[in-house]
Amino acid sequence: MTVRVRSATADDVPDVLPLVRALCDLHAANDPERFAVRTDVIDRYARWLPERARDPRSVFLVAEAEGMPGLVGFVVCTIEPEVPIFWIPECGWVHDVYVIPEARRRGVARALVREVVRRYAAMGVKQLRLHTGVFNDSARTAFAAEGFRPCVVEMLRTL
């Protein structure tokens with residue numbers, strides 16, 4: 001399967017929103033206490049994603065695959081400030097990566113992540129960071145294959 005990764009535009013946002021919904025649902029189904037989202041989450045993304053498409057310091061990409069209709073995946077990233085006690089003033093933050101089930105295990109996520117790495121390296125960004133759900137072994141495997149390593153364990157206690 002040939003995968004084409006390209007910059008997303010504001011025109012892509014309506015096609016990305018169902019993927020956002022699927023990602024939110026996946027996380028909420030696996031850990032509803034941690035990943036329950038607001039009822040207006042799609043409206044929020046509908047406003048936020050066009051900004052990411054225009055922002056030269058954000059990376060918002062979509063993937064298309066030969067023989068498959070529509071978008072098969074997306075990634076959205078921003079540059080975020082770091083706590084001032086650490087050596088690095090800012091880092092690239094991978095907020096969301098999603099690949100439709102029919103296109104998984106075909107290199108789509110890795111192609112998206114490789115392009116994120118390439119673009120942020122070209123900007124001079126020194127670190128990329130992300131969270132993955134504890135339940136998401138396949139995501140961690142894919143990220144590890146692209147050079148990411150575990151560095152923090154987030155813990156949760158509901159009050």
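Tabulated results
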quantity: Search result, residues across segment 3-30 that are among the hydroxyl-bearing types (Ser, Thr, Tyr) and within 16 Å of ILE100 (Cβ to Cβ); calculated: none
quantity: Scope segment 1-54; condition outside any helix (DSSP H, G or I), over 22 Å from ALA111 (Cβ atoms) and either free of Cβ contacts under 8 Å to residues at least 24 places away in the same chain or small (Gly, Ala, Ser) (or both); matching residues; calculated: ALA36, VAL37, ARG38, THR39, ASP40
quantity: Meets criteria (more than 21 Å from ALA142 (Cα to Cα) and among the β-branched types (Val, Ile, Thr)) for VAL83; calculated: yes
quantity: Members of segment 125-150 that are of a type in the set (Ser, Thr, Tyr) and over 17 Å from THR78 (Cα atoms); calculated: SER138, THR141
quantity: In segment 87-126, the residues that are closer than 17 Å to ASP12 by Cα and among the aromatic types (Phe, Trp, Tyr); calculated: TYR98
quantity: Residues satisfying the stated conditions in segment 67-106, i.e. out of contact with any Phe, Trp or Tyr (no Cβ under 9 Å at 6 or more places or on another chain), of a type in the set (Val, Ile, Thr) and free of Cβ contacts under 8 Å to residues at least 60 places away in the same chain; calculated: VAL83, ILE85, ILE88
quantity: Test result for PRO84, within 16 Å of ASP12 (Cα to Cα) and part of a loop (DSSP other than H, G, I, E, B); calculated: no
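The rows are residues; the columns are (1) of a type in the set (D, E, K, R); (2) modelled with pLDDT under 95; (3) buried (at least 18 other Cβ atoms within 10 Å of the Cβ).
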site	(1), (2), (3)
GLY73	no, no, yes
PRO81	no, yes, no
TYR98	no, no, yes
ARG105	yes, yes, no
ARG129	yes, no, no
SER138	no, yes, no
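The values are calculated or read from the model by the stated rules, or taken from the named source; none is laboratory data. Because the structure is predicted, anything quoted here is derived from the model rather than measured. Neighbour counts are summed over all protein chains in view; Cβ atoms, including those assigned to glycine, are modelled from backbone coordinates with ideal geometry.
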